[in-house]
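Colleague: Mind looking over this structure? Questions follow.
The values are calculated or read from the model by the stated rules, or taken from the named source; none is laboratory data. Quantities reported herein were computed from a predicted structural model and do not represent experimental measurements. Glycine gets a Cβ as well: all are built from the backbone with ideal geometry, and neighbour counts include every protein chain shown.
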Amino acid sequence: MNKDYEISKMKQKSLRQNKTNYLSTLFNSKQKETAKERTKKAFSLIELLVVILILGLLVGLVAPRVIKQGAIAQRKLACTQMGSIKQGLKMFKLDNGSYPETDEGIEALVANPDADKYPNYSSSPYLEKVAKDSWGTPLIYIKDGSEFKLISFGADKKEGGEDDGKDIVFPDCQK
């Protein structure tokens, strides 16, 4: 019986050791897997640099096109604004027999510049306010005989210019 008891004790001890070894191995392998998982979840410096490079290239290629479209839209808007002023000038001519003089300017569409000269001036203004171009600059009005011109100096806000800074002349911009 003593022998059986000792064998039983040895078996229990062996089982405990096996359990301890198993748990220790399991714990160590979990730690190793966790460390591996951590490295798999992170990005390397090279991967980050590649992504930044790609984003930089995209911005470099796309941004100029987007900016160019914005400049084109501003030029079209200026031409459209001039078209609205044209309608006011036509109404002014219908009521008064001629376009306002160059020195009276577009302001003549907002308020009657001379009640004696324009007795048939509309009771309400032809324009609500003096229009400015897309860049916030007042438009230039020139009466040329029985015709008129409206001029915007463009993005550079100076006479002449090239590309986006080129002057916009009405009625030429409607063509």
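Colleague: Take the conditions at pLDDT below 80, within 19 Å of Gly136 (Cα to Cα) and surrounded by 10 or more Cβ atoms within 10 Å (Cβ to Cβ) and apply them to Ile67. Does it pass? It would help to see each step written out before you state the result.
Modeller: Working: at pLDDT below 80: yes; within 19 Å of Gly136 (Cα to Cα): yes; surrounded by 10 or more Cβ atoms within 10 Å (Cβ to Cβ): yes.
Spelling it out, Ile67 is indeed at pLDDT below 80, within 19 Å of Gly136 (Cα to Cα) and surrounded by 10 or more Cβ atoms within 10 Å (Cβ to Cβ).
Colleague: Report yes if Ala108 is buried (at least 19 other Cβ atoms within 10 Å of the Cβ), farther than 17 Å from Lys143 by Cα and touching a residue at least 12 places away in the same chain (Cβ under 8 Å), otherwise no.
Modeller: On the way: buried (at least 19 other Cβ atoms within 10 Å of the Cβ): yes; farther than 17 Å from Lys143 by Cα: no; touching a residue at least 12 places away in the same chain (Cβ under 8 Å): yes.
Here the answer is no, as Ala108 does not meet what is asked.
Colleague: Scan region 96-109 and give yes if some residue there is at positive phi, modelled with pLDDT of 85 or more and either touching a helix residue (DSSP H, G or I) at 6+ places or on another chain (Cβ under 9 Å) or in a loop (DSSP other than H, G, I, E, B) (or both), otherwise no.
Modeller: Yes, region 96-109 contains a residue that is at positive phi, modelled with pLDDT of 85 or more and either touching a helix residue (DSSP H, G or I) at 6+ places or on another chain (Cβ under 9 Å) or in a loop (DSSP other than H, G, I, E, B) (or both).
Colleague: Let me ask you something else. Looking at Lys166, is it at positive phi and out of contact with any strand residue (DSSP E or B) (no Cβ under 9 Å at 6 or more places or on another chain)?
Modeller: No.
Colleague: Sticking with this one: In region 49-108, what residues are among the polar types (S, T, N, Q) and in contact with an Asp or Glu (Cβ under 7 Å, 6 or more places away or on another chain)? Don't jump to the end; show me each part of the working.
Modeller: Initially, region 49-108 is screened for residues among the polar types (S, T, N, Q), giving 69, 74, 80-81, 84, 87, 96, 98, 102.
The one that is among the polar types (S, T, N, Q) and in contact with an Asp or Glu (Cβ under 7 Å, 6 or more places away or on another chain): Gln81.
Colleague: Continuing with the same structure: Criterion first (on the phi < 0 side of the Ramachandran plot, surrounded by 15 or more Cβ atoms within 10 Å (Cβ to Cβ) and touching a helix residue (DSSP H, G or I) at 6+ places or on another chain (Cβ under 7 Å)) does Ile151 satisfy it?
Modeller: The answer is no for Ile151.
Colleague: Now, a different point. Taking the stated definitions as given, is Lys129 charged (D, E, K, R) and in a strand (DSSP E or B)?
Modeller: Answer is no for this residue.
Colleague: Could you check region 153-175 and list, in sequence order, the residues that are part of a strand (DSSP E or B) and either more than 17 Å from Gln87 (Cα to Cα) or of a type in the set (Phe, Trp, Tyr) (or both)?
Modeller: Ile168, Phe170
Colleague: Please specify each residue of region 111-166 satisfying the condition of being of a type in the set (Ser, Thr, Tyr) and closer than 15 Å to Gly97 by Cβ.
Modeller: Hits for region 111-166 are Tyr118, Tyr121, Ser122, Tyr126, Ser146.
Colleague: If Leu55 passes every condition in (1) on the phi > 0 side of the Ramachandran plot; (2) within 33 Å of the chain's Cα centre (by Cα) but one, which one does it miss?
Modeller: The failed condition is (1).
Colleague: Next up: Sort through Leu61, Leu89 and tell me the only one that's of a type outside the set (Phe, Trp, Tyr), part of a helix (DSSP H, G or I) and closer than 16 Å to Ile151 by Cα.
Modeller: Leu89
Every residue, every condition in (1) more than 34 Å from the chain's Cα centre (by Cα); (2) under 17 Å from Arg75 (Cβ atoms), yes or no:
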{"position": "Glu101", "(1), (2)": "yes, no"}
{"position": "Ile106", "(1), (2)": "no, no"}
{"position": "Pro119", "(1), (2)": "yes, no"}
{"position": "Pro125", "(1), (2)": "yes, no"}
{"position": "Thr137", "(1), (2)": "no, yes"}
{"position": "Ser152", "(1), (2)": "no, yes"}
{"position": "Glu159", "(1), (2)": "no, yes"}
